[in-house]
Structures are given as C-alpha cells and as structure tokens.
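This report refers to the structure that appears directly beneath it.
Each reported figure results from applying straightforward, stated rules to the coordinates on display, with no laboratory input. None of these values were measured; they are calculated from a predicted model. Here the Cβ is made from the backbone with ideal geometry for all residues, glycine too, and neighbour counts use every protein chain on show.
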Amino acid sequence: MMSDKNDCDLSVVLGVLVVFALPLTLLIPGFSVWEVVPKVRITRMHIVSQDLTWSQLNAAIVSLLVIFFCCYLEIRKRKLDDMVEKVLTVSQATESTMDVERERQAAAVKVCVDLLDASAEHYENLVLLRDELRKREKLKQQYPPAIEPSSVIM
C-alpha cells in the first residue's frame, strides 16, 4: 500500500525541531537560538512592565514544561495509587470470603464425618441384628427329632 500523502507535515517537523531545540540551547553556554531574534517587551498590566530576554523566556518555557510534566506524573501516580487501593480492597474481600468458605467447608466436613461415624455404627448394629436373627431362625428350624411309627406294632 503506497500512499501519496506524506506522514510528516512541515508544521509537525518544525514543531518537533522547536520542542527539541529549546532545551538543547540551554546546554550550550553563550549560545542561544533566541539571540537571533530581537527582545520582546511583555506587558501584563499597565502598571507593571518587564523586559525579558529570549534566554529567560526559553528558561521559563522549559520550566513550565517541566512543571506540566511533573503534574502529569502526579496525576498518573494518583491514578495508579487508586488502582492499587482497589486491587487491595478486592484482595482483602476475597481473602475474607475465602476464610468464611473454608470455615463453612470445615463445618460441612465435620458433619459428614459425624454422619459417617453414625452410619458405621448403625451398620454394625444392623450386622449384629442380622446375625442374631439368623441364629434365632436356626433355632426355630431345629425341631426335636420326630418319632415315627414303626412298621412293627406292638
């Protein structure tokens, strides 16, 4: 896919150069791009007026950018702190829910063990009763020997 439009406009390139050139001019002592341009008189109020050099204006802009960047970092930090706080709250709620669930499961296991013990005891009683009933049935089935009349009559 070839595009006829260029991704970099002239205004973008100039903007990038200006943004990166302003801080770099502070690194070279005695040189400033702004000394080429004449001084500007900034008047905020009619009572107060002040002359600023381009290097002072450059330093003020860089300082302002640093302040904005610090504010941006502070906002990001607060958002991250809020997210961490929410995660910790959810984690604590999960742990408390898990503790309640463990207690409930432990109680259920205890009830199951008690039922199993009672069931085993009932089974033993049933086995003993069955054995006793078999013994009784055997005793009932054992009749005394029957006297049969013989063929010889007295």
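Just to verify a number: FRET efficiency for K110 and E137, C-beta to C-beta distance, R0 = 35 Å, to 0.05? Please report the intermediate quantities before stating the final value.
Details: r = 41 Å, r/R0 = 1.16.
Between K110 and E137 the formula returns 0.30.
What are the residues whose amide H is under 5 Å from the amide H of L52, where those residues sit 5 or more places off or on another chain and H is modelled from the backbone?
Result for L52 returns V40, I42.
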